[in-house]
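Report on the following structure.
The values are calculated or read from the model by the stated rules, or taken from the named source; none is laboratory data. None of the values given here were measured: they were computed from a predicted structure. Reconstructed Cβ throughout: ideal geometry from the backbone, glycine too, with neighbour counts over all protein chains shown.
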Amino acid sequence: MVTYRNMKLFPLVYVDQVMGLLDYIQSVGGRVDSSRLGELLGVDLDLLPHVVDAALILGLLREENGDLVLTEIGRKSINTEWKDFRILMKSINKNIEPFKDVLSVQKKGKINIEDLKKILEKNGYSDVENAATIIAQWLTLIGIEIVE
């Protein structure tokens, strides 16, 4: 996981990258050897650890004896309807920064883009513009609109 000033940062990966990883792991029985994951998926090895970290932070995967294993929440996130998925992700994100800060300042399901950027900077993201683009996707997923 990337750290900045001794703070853990939520990896800057997109929702579909995490969900794609979960789908793949489910398709091979819910467990995969983490050391072979890049080879099995044939994906960018620079990006893959960040996608795995995001899934671990969200509690969608767990590590067990060198394997990545889908958690019950991970299985639910794959097999649930959109409305229930939003509720599930919102409940997970309420304890993870920068989502926790966003949820505490948003009003009526909206947050100003400048407020989001301030939160991201406070949380240690160096490329705030890029972070805002990616985190905004996660926020949209949980029903928070970014406004100008």
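So, in the stretch 55-88, exactly how many residues are crowded, with 21+ Cβ neighbours inside 10 Å and not polar (S, T, N, Q)? Give the derivation first.
We begin by selecting, within the stretch 55-88, every residue crowded, with 21+ Cβ neighbours inside 10 Å; these are 55, 58, 60-61, 68, 70, 74, 77.
Narrowing the set further to residues that are not polar (S, T, N, Q) leaves 55, 58, 60-61, 68, 70, 74.
Of the residues in the stretch 55-88, 7 are crowded, with 21+ Cβ neighbours inside 10 Å and not polar (S, T, N, Q).
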Out of curiosity, is Ile96 in contact with a Leu (Cβ under 8 Å, 6 or more places away or on another chain), touching a residue at least 60 places away in the same chain (Cβ under 8 Å) and either more than 22 Å from Ile73 (Cα to Cα) or not assigned by TED's automatic domain parsing to the domain that holds Leu9 (or both)?
yes
Kindly indicate the residue of the stretch 112-148 that is surrounded by fewer than 17 Cβ atoms within 10 Å (Cβ to Cβ) and hydroxyl-bearing (Ser, Thr, Tyr) and also farthest from the chain's Cα centre (by Cα) among those meeting that condition.
Ser126
Based on what the data block shows, is Glu72 closer than 21 Å to Val18 by Cα, charged (D, E, K, R) and in contact with a strand residue (DSSP E or B) (Cβ under 9 Å, 6 or more places away or on another chain)?
no
